[in-house]
Amino acid sequence: MTLLARISILPCDPTDQPRFWDLTETALQPGHAAPTEGETPLLIALVAPQDSVMRVHHYDGLTKRQAEAAARLDAASASVDPGKVHVAAQARDADIQSITIDRAQFSAALDRLQAHGFDPDHVWPLGLVLPDQIGAARARLGEVAVIRSGALLLPDESELLARLIDGQRIVDLNDAELGDSLRAALQASPIDLRSGEFAKKRRRSAIDRNKLRFAAIIGGAALILSLLLAITSWVQAKQAVAREDAATLAAAQKMVPSVQSPDEAPARIERELVSRGGGKRSFTVATAAVWQSLRQSEGAILRDLRFGEDRIVSLTLTAASVDPINRVLTDLQAKGFKVTATPRQEANGAIAAAITVRTP
């Protein structure tokens, strides 16, 4: 049996002792103020007809918000002391309904409910919960009775009824029918006095434990997915570096076949050139610079490296686009080397560049 809402009559009289009812999917039954652990019902206070005044307004040529604002002003102006009342208004079909209540009385009544651990989400006139399609209808909740006849919300006082709805047949609603009316009001809310300066400051969360558990599962799944994506990206980056190292090592082995790793290639090439009489100025400096630029510019692959008799270092770089090659060239030029480059596009779509580097 699902608890939909917890109901109380707004205790406007200081002597009123708050009472509470539970509205479930099938019943309206006596309850208590504070929700028990795991319960998240709406808290609704209902206003007795003698504690508020309802008016109906009609305006032509105004938007809904303009008409509601005008209704609040007109309802306050119709009160004995406009500065001491709280007014709520709501559009209903072609008209605007307004409810007026004494501000100080309303504030004190909310304080009494809150002292019992009941801070209502909504405050509705009890009469507006009743159906208005059956002529005059009467309902009783605890010691409060209300009669609704169209736009009239009246206390159950014989003299008043004789003056205002004399001759009308009054249909009495039992507890089950009142419960049906309250459940219908949850779907189409009447005028809510918990608005404006009396709007609830902290909206109550309707998240139960099952929803929190579901949110935790979704959050955990998202975290795992993020970790998998990060691991996949790391593996792909490692594989790309490994491919570039293999290509670089292959190019270095063309000059020094015994080179075993890209890290030892610069020193081994230098020793090899010294043994051939290449000198440390004409080749080694330029080659070291090329090697450093390659290591700093991802995406460019060294295909071959040569040292001619004119003491010019010649090499071929390949890349998926021209940008990695341009970064290598720019870096070499920034270091003071004289560089020439002849780019071309290969059959597989890759960019290759024949480059010469001369030590300044």
Residues (in a strand (DSSP E or B) and surrounded by 13 or more Cβ atoms within 10 Å (Cβ to Cβ)) located in the range 344-360 = ILE351, ALA352, ALA353, ALA354, ILE355, THR356, VAL357, ARG358
query = Among the residues of the range 307-341, how many are closer than 15 Å to THR287 by Cα and touching a residue at least 24 places away in the same chain (Cβ under 8 Å)?
reply = 15
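Rundown of residues vs (1) touching a Gly at 6+ places or on another chain (Cβ under 6 Å); (2) in a helix (DSSP H, G or I); (3) at pLDDT 90 or above, yes/no style:
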| residue | (1), (2), (3) |
| --- | --- |
| ILE134 | no, no, no |
| ALA139 | no, no, yes |
| ALA145 | no, no, yes |
| ALA162 | no, yes, no |
| ASP166 | no, no, no |
| ASP192 | no, no, yes |
| ARG204 | no, no, no |
| THR232 | no, yes, no |
task = Determine, yes or no, whether ASP175 is touching a residue at least 60 places away in the same chain (Cβ under 8 Å) and of a type in the set (D, E, K, R).
result = yes
query = Looking at SER149, is it touching a Gly at 6+ places or on another chain (Cβ under 8 Å) and not aliphatic (A, V, I, L, M)?
reply = yes
Tally, over the range 299-333, of residues that are acidic (Asp, Glu) and under 23 Å from MET255 (Cα atoms) = 3
Yes/no for LYS64 being under 23 Å from ASP119 (Cα atoms) and basic (Lys, Arg) = no
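The values are calculated or read from the model by the stated rules, or taken from the named source; none is laboratory data. Quick caveat, the model's predicted, so the values are computed rather than measured. Glycine gets a Cβ as well: all are built from the backbone with ideal geometry, and neighbour counts include every protein chain shown.
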